[in-house]
Each structure stands twice: as structure tokens, then as C-alpha cells.
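The values are calculated or read from the model by the stated rules, or taken from the named source; none is laboratory data. Only a predicted model underlies this, so the values are computations on that prediction, with no experimental measurement involved. FYI the Cβ positions are ideal-geometry reconstructions off the backbone, even for glycines, and counts take in every protein chain you see. Only protein heavy atoms, including side chains, enter the accessible area calculation; ligands, DNA and RNA are left aside. Shrake-Rupley method; radii C 1.70, N 1.55, O 1.52, S 1.80 Å.
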Amino acid sequence: MSDIIMLNNDWQFTEEFSEELLKEDCSVSLQDVRIPHNVKETPYHYFDDKIYQMICGYRRVIHAPADWKGKRVFICFGAVGHSATVYLNGAEIAHHNSGYTAFEAELTDHLKPGEDNVLALKVNSREDQNIPPFGNVIDYMTYGGIYREVYVKVTADIRMSEVYVEPSIPEEIVIGEEIKDFRFDTTLGLDITLDEKNGKLLSEGGLEGLKLRTVIGEHKSGRAVSDTVFDFSELSSIEMKGARLWDPCSPFLYDLYIELIKDNEVLDSYFCSFGFRRSEFREDGYYLNGRKFKLRGLNRHQSYAYNGYAMPASMQKLDADILKLELGCNAVRTSHYPQSQYFLDRCDELGLLVFTEIPGWQYLGDDEWKEQVLVNVEEMIKQYKNHCSIILWGVRINESVDDDELYTKTNELAHKLDESRPTGGVRYIEKSSLLEDVYTFNDFSHEGNNPGCKPKNAVTSDTSKPYLISEYNGHMFPTKAFDCEEHRLEHALRHANVLEAVGSNKDIAGSFGWCMFDYNTHKDFGSGDRICYHGVLDMFRNPKLAAYVYASQQNRTPVLEISSSMDIGEHPGGNRGNVYIFTNADSVRMYKNDVLIKEYTTEDSEYKHLRHAPILIDDYVGDALKDEEFTDRQASIVKKALNHIARYGMNNMPLDIKLALTQAMTVYHMSFEQAYALYGKYVGNWGDKATTYRFEAIKDGEIVKTVTKTTTARLTLKLKCDHTELTEGDTYDVAAVRVQVCDEYGNVQPFFNTPLTAELSGPIETAGPKYVQIAGGMGGCYIRTTGKKGAASLKISLPEEYAYLEECSCTINFEVL
């Protein structure tokens, strides 16, 4: 027999651990909690990291059924931040020293079958421990607690302690261009380690009579592919006929279920999903399934407003969805540590490529600290190796100095544990000692007015090895959703500039922007309010303008965003400067007061290495001058001048335009009053009524999205909830509600910074404060189930002073199942 029992409910917690927690009759006052759990709910900003640094305690009573006698029982923790000691019935049974990887503890010897058993944890979330990533300053909050799920596994005396799948594509197979429909014959390798009680590896003589049953099915359809039983001693590989490829454009997965059997009894079982793909880093870039593939990704932290690291499966999967389906990324780096298995599962399902790495940030400690680095490498690879989305192991502490002794060991260990994947090591040092297979470099050289990245040969001396940019932008240009238009546009263009440069450098495998979303950080970093505003999204995953640089690279959802509100009063001197269109449409039609000015296409963009590039609006006049009875020459001169003035004003006119205007006034006898009247009519409307601009995105001849820019007459709320059917299953469920304060046309109002009220009914609660934080016209909240089922609702309203508006509130209805 083999059973898995989820153990996320009915825990108790105290912020101060004591030996009293180990006793059957505990006299300490405890708080009821559910897992995942963060030791302290944190404010949105302006909080000190000391509030989550503590030595705390968890406690749970486990009733062990009588039929567990003679079985082996393990408790498995997905992650506990950051060191944990496990006790059962007063006895210490395990200790773990990494807050970012899973661990298990065998309960068997101290378990009392047929009785209640007291499980307790001593959890240290302080940042003074001699383990990675601690030892110096860190540019992110580390939080604490049992923040990933927990389960108990019951097996027979012999069990499968490690299972690795080895999907391979024979070298002689040439992958065709039709990735989605390509099929081939291959084998699935299996590497299974067995152990007996107390972790003793099973000797060869103990294999007699052991059999394996392997069942393979298609992940989505469930259609059976094979069902085979064979002797364990004959374990080698499983033949698969007509196998399909796993690829970002067609992420085909198979499910594998394994049973270990003896005398017709199932001793243990195992389940995972896998995919067949050919992944290679080469001297001139990255290749996937035989074709060159430019990696375009973002770095992701695993943190959330108010909740730290503690979020269930639904939220982990949502971040992967946002990266692939909303932002159009094809890759992600899990900075700076291994992340939730649920996140990786979803990356597998979506075809989102992953660069994952060991915990750490710049600092290298003493010998004991470095020994933990090796443990972290081993745990990372063993726990995540079966994810086909992972293409690169990071085996160097992020941005650390060279340490050949340590990194020789980490690379050797990684290659020993996984021969199928290369290693990388993120550094900020040029011409650094390269022990990894891929030179991964944080290139922060772009400052807005220089090349987007450095060439490969300027960074690494060994140009025969692959090269990948692991971070860019970030701290070079922090950007808040409520910054001025010029700042938000500069942020977006800096991301576009780097992607353009990476696209033009054929020997760069790709790049990962810093970063996906804003995050809380320590006092040594950020903007003084304990937030790093480095994301293309805000903390609630709402898009800043830079997000549309990435979103426009995908074709699933129409994208049309204009970089300006077109309010001239937002700009010095009333000069709006450069305005850009971000879109994935075939073309965009621009209207001014319902008059077509120009239809733009990607060909109008100065960017030539982006699939859908930002487009500069360079015409505010169109053909309107034909009504002025000008000659073609005069109309051309005046139009060029007016379009320049529309962007930069009268005082910044280049010499060639000044000379042309002087000629026009001389030759065509235009007076200053006539010229000024033309400016007022076609460009400037200072003191006059506002202009309305309308933009239409055209795809395959149809209007797929419209954006209207004019003065705001009333506010509206736009809510986006990722799911409304919440499931009370193995633990609580959470729904993310993203909130935007918009005008009547759906444009976010970036200078609205007032909290919104939230009213709840039914079996739900907010995972955070009972209001909605708004910054830059955007914010959000998390709705959490409470253990009960039934109908529920959330009503979000504008502040009381806006009650006169017809649409001052929005309601979302939920069903807790």
C-alpha cells in the first residue's frame, strides 16, 4: 500500500517557540492556522523585516490509524523558511537548513499507531543564520514559516526514495518544421532508487520478487499510451511509439504512474508528468527542438503583498499564466531560489522555459556556509529534475565573486546528478572565471541613450561557450505606476531597447528582464518605502506601461496601449513629447476628433528586431491642411513644423525647420498671426476645448481593440478576478482580484492613490487588510476561503466622496466548492 494524506489544516502557531509545544498537554496559547502560512501578515509598504524574523513554533496532532503499524510513515514539507527542527512525541527526528527546498522526516520509529501523536516544529526565520542566502544585505524580503504545502506518505518497508524520468530523442532523429504534428519512436528511461527502513539502500539481493508497473497516459486527454509490468531487476527503459514533442508552441505532456509491487501488494507509488524535447545551448545561441530559439523572459520572485511567500497552488499557477499568456514571455528565471512545484508544473503545461538556481545573493560565507550550498545544489536538482520546462541549472550564488574551489564542486555535482542539462552561474563580473557551461551575466549597461546591451565578446573571454543575459534594467530605472508619463515611457522604451539589442546580437541566447513585478525589500534597497519598483507589473500583477512591450509580442489577446493620456497639462510647457503605440495588431488607425490622421504599422517603428515593436506617433495633422489651399510644398513645410511643435514645443525647433518656416512665410506671405492660428487649430489647444483621440487596432481587416484618449468626465472601476469558483480541498484557495481605477473609456488613472472599500459576504476573507490598496490607479486584494462552502461576494467601492457616480462600485460573486 501507498497513501498520501495532505496535512495543511488544523495546525497551531505561536511566534515564540518553547519546549511546551512538544508535550501532549500543551499550556501555551496558540493560534489556529492553515498551511501555507506566513509567520506575520505584513503591511503593503513601510515595514521592517524584523517583524517576520523570529524563532517560532508550529504544532499539530496527528491521529495515526492502527493499520499504520508495520508501515513506514514520512512527513514531507514543501518548504519551511528558513531552518526547521521537527519533533514527534517529544523526540527530535529531523533538521533542515534551507528555506527554499523540500525535505522529509521519517516518523516511523516514534509514531504510536492507533493513537494521537504530537508533531511540532521549531522554525527559525531570522536572517542571522549561517546558511544561504544570509550573511550580508539581501535585496528582497525572505519572510518565514511553513509556506509550502505539507503531506504524510505511508509506504511499505521498501519504497522508492528517488525516481527520475529520462525522456530522450535519439540523435539520428531530425525534427521537422511542423513541431505540433511531429511524431517519433523513442524510449523513456527510468532511474529508481529503493531504500529500506532508516534510509538504508536496498541491496541487489533484496530485489527478488519486486516488480514495477508503469502506466503512461496523455496529460490532457488521459488517453492510455502504455501499461507495462516487469521485474525491477530488468528495469531499463520503456518503448514509446509515435511520441510527441514538448515545445512552447505545443507543450505536449505525458503522465507517468509507477507502482512498486511484491506478491501482488503495492508497496509504493509515484506520479509525475514529463515531456520529450531537445534543448541545447550552443556557441551562437539557444536551440530548442532543432531550431534557434531566442529566450525572452523575466525574473520572478515568489512573494505577494501582505502574504510573503505563503500562497497556495492557484496563485503559483497564476503567475506562470501571466508570464506566458499575458506578458508573452517564453521563459522565466526563478530568482534567486527554487520555487513552488505548482509553479513549475504550470510552466510544464504552458511550455514556459525555466532557468532555476540555488538560493543566495552576492554573499559567500565560511566553509560551513559553503557546505550548505552543495546541499542546496543536490536538493534542487533531485527535487526538480523531472520538470521538462527546466533548461538550465544555476549553480553559482547570484552576483557573487569568483570562487573556483566552490564552483568547481557545484558544477561537478550538478553534472553528476543530471547529465542532460547545462549549468549557468549568474554574475555581474565581466571576463569572470567560467566553470559553468553557459556564461550568464547581469548586464545593467543600458542607460537609455546607449546600446541596449554589451556584445558577447565584451563580457566573456571564452566566446566558444554560450552566453545569456540573466538580468537587465531593474535598479537602473525604478518606475512607479504613479510616476509621470515621461518616466513611465522611458521605462518601457528601455525594456524595448534591450530586447531590440539582444535580438540583433545573433550570438546571445536571450535575456531575462528585471523583473516581473514590484516586491518588498530591505531598508538597504528600494525607494525608502520598502518596495523595489523594478517590475513591469505592480505588486498585485497589474501592468505598468513597460508590460506592454512584452505583452505585444504574443498573439493570443489583442494589445493596444498608448503611452500618453494626451493631456497637455501633464507636460512641461504643454509639450507632450514622444508618444508611442504598443500593439500586436497589423495596423493602428489614429483619429483626431473623428478625423483619420494616419494608419501606423510595425514598418513605421525604428525597432527592427522585435516581432511587434513600439511605434512612435509622428503625425498629428494628417491630410487636414488640404483645406487650407496650400501648395504641396507649403503644406509639407507647415505639416513638418506643426508635428514637431506638437511634440517638442516652439522653443525646441531645429534649424532646418526654422529655415523652412521662414521660407514659407516669405515666399507664401504667411503672417505670424496666420502661423499661430494654424498651431492653435491643428496642434495646440491650450485654453480651448480638449481634443479626443481614438485609436483602432486592426487585425485581419477587423477592429479588435479601440482606445479613446480625452479628458476624464467620470471614474469607473475595472476588476479582473482570476477565478470565481474557489475550491476548499487540501487547503484553502485564494483568488487574485486585480483592480484598476479608470476613466469612462477604460484608461487607468495613474494619479488616483486613494484606498477603496471592500465588503465581503459568505465564507471568504481577505488575505490582507479589509480595503484595497491603490497606487497609480491600480491595486488589488486576495480573497481566501475559510473552510466552509457556499455562495460569497466581494463588493469594491470608490471612496464615499464619489458616491454620486452611477458606477461607483463593482461586485464579484464567488462559489466556494
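Can you name the residue in segment 300-327 that is of a type in the set (S, T, N, Q) and in contact with a helix residue (DSSP H, G or I) (Cβ under 8 Å, 6 or more places away or on another chain) and, of all such residues, is farthest from Lys456 (Cα to Cα)?
The initial filter retains those residues of segment 300-327 that are of a type in the set (S, T, N, Q), namely 302-303, 307, 314, 316.
Subset that is in contact with a helix residue (DSSP H, G or I) (Cβ under 8 Å, 6 or more places away or on another chain): 302, 316.
Numbers: Gln302: 30, Gln316: 34 Å.
Only one residue tops the list, namely Gln316.
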Assigned to a loop (DSSP other than H, G, I, E, B) and within 20 Å of Glu561 (Cβ to Cβ): is that true of Thr754 in this structure? no
Of Val332, Val373, the only residue that is part of a helix (DSSP H, G or I) and farther than 28 Å from Val33 by Cβ is Val373
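Rundown of residues vs (1) surrounded by fewer than 16 Cβ atoms within 10 Å (Cβ to Cβ); (2) touching a Lys or Arg at 6+ places or on another chain (Cβ under 7 Å); (3) modelled with pLDDT under 95, yes/no style:
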position: Gly687; (1), (2), (3): yes, no, yes
position: Glu702; (1), (2), (3): yes, no, no
position: Leu715; (1), (2), (3): no, no, yes
position: Asp722; (1), (2), (3): no, no, no
position: Glu725; (1), (2), (3): yes, no, no
Of the listed residues (Ile62, Ile35), the one being touching a Phe, Trp or Tyr at 6+ places or on another chain (Cβ under 7 Å) and either buried (at least 20 other Cβ atoms within 10 Å of the Cβ) or modelled with pLDDT of 95 or more (or both) is Ile35
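Residues that are closer than 26 Å to Lys153 by Cα: list the strands (runs of 3 or more DSSP E) wholly contained in segment 221-291 that include at least 3 such residues. It would help to see each step written out before you state the result.
Working: elements: 224-231, 237-244, 254-262, 265-274, 279-282, 285-288.
Where strands (runs of 3 or more DSSP E) fall fully within segment 221-291 and carry at least 3 residues being closer than 26 Å to Lys153 by Cα, they are 224-231, 254-262, 265-274.
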Has segment 172-180 got at least one residue that is under 30 Å from Glu218 (Cβ atoms), open to solvent by less than 20 Å² (accessible area, probe 1.4 Å) and either modelled with pLDDT under 95 or not β-branched (Val, Ile, Thr) (or both)?
yes
Over segment 511-539, the set of residues over 30 Å from Gly285 (Cα atoms), of a type in the set (Phe, Trp, Tyr) and open to solvent by less than 10 Å² (accessible area, probe 1.4 Å) is Tyr519
Regarding segment 43-55, can at least one residue be identified that is in a loop (DSSP other than H, G, I, E, B), open to solvent by 20 Å² or more (accessible area, probe 1.4 Å), farther than 30 Å from Leu210 by Cβ and touching a helix residue (DSSP H, G or I) at 6+ places or on another chain (Cβ under 8 Å)? no
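Quick check: anything in segment 162-171 without any contact (Cβ under 8 Å) to a residue 40 or more places away in the chain and open to solvent by 40 Å² or more (accessible area, probe 1.4 Å)?
From segment 162-171, those without any contact (Cβ under 8 Å) to a residue 40 or more places away in the chain are 170-171; that's our starting set.
Those still in the list that are open to solvent by 40 Å² or more (accessible area, probe 1.4 Å) too: 171.
Looking through segment 162-171, at least one residue is without any contact (Cβ under 8 Å) to a residue 40 or more places away in the chain and open to solvent by 40 Å² or more (accessible area, probe 1.4 Å).
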Within segment 63-81, residues touching a residue at least 60 places away in the same chain (Cβ under 8 Å), under 10 Å from Leu111 (Cβ atoms) and not in a strand (DSSP E or B) come out as Trp68, Lys71
Exactly one of Glu166, Glu127, Glu172 is farther than 25 Å from Glu92 by Cα, part of a loop (DSSP other than H, G, I, E, B) and of a type in the set (D, E, K, R), and that residue is Glu172
Per the filter on segment 533-567, residues under 21 Å from Ser587 (Cβ atoms), of a type in the set (Phe, Trp, Tyr) and touching a residue at least 60 places away in the same chain (Cβ under 8 Å) are Tyr550
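For segment 340-354, enumerate the residues that are open to solvent by less than 50 Å² (accessible area, probe 1.4 Å) and outside any loop (DSSP other than H, G, I, E, B). Quick ask: steps written out before the conclusion?
Narrowing segment 340-354 to residues open to solvent by less than 50 Å² (accessible area, probe 1.4 Å): 340, 343-344, 347-348, 350-354.
Listed by number, the residues that qualify are Phe343, Leu344, Cys347, Asp348, Leu350, Leu353, Val354.
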Checking Arg611, Arg633 in turn, the sole residue that is part of a loop (DSSP other than H, G, I, E, B), out of contact with any helix residue (DSSP H, G or I) (no Cβ under 6 Å at 6 or more places or on another chain) and modelled with pLDDT under 95 turns out to be Arg611
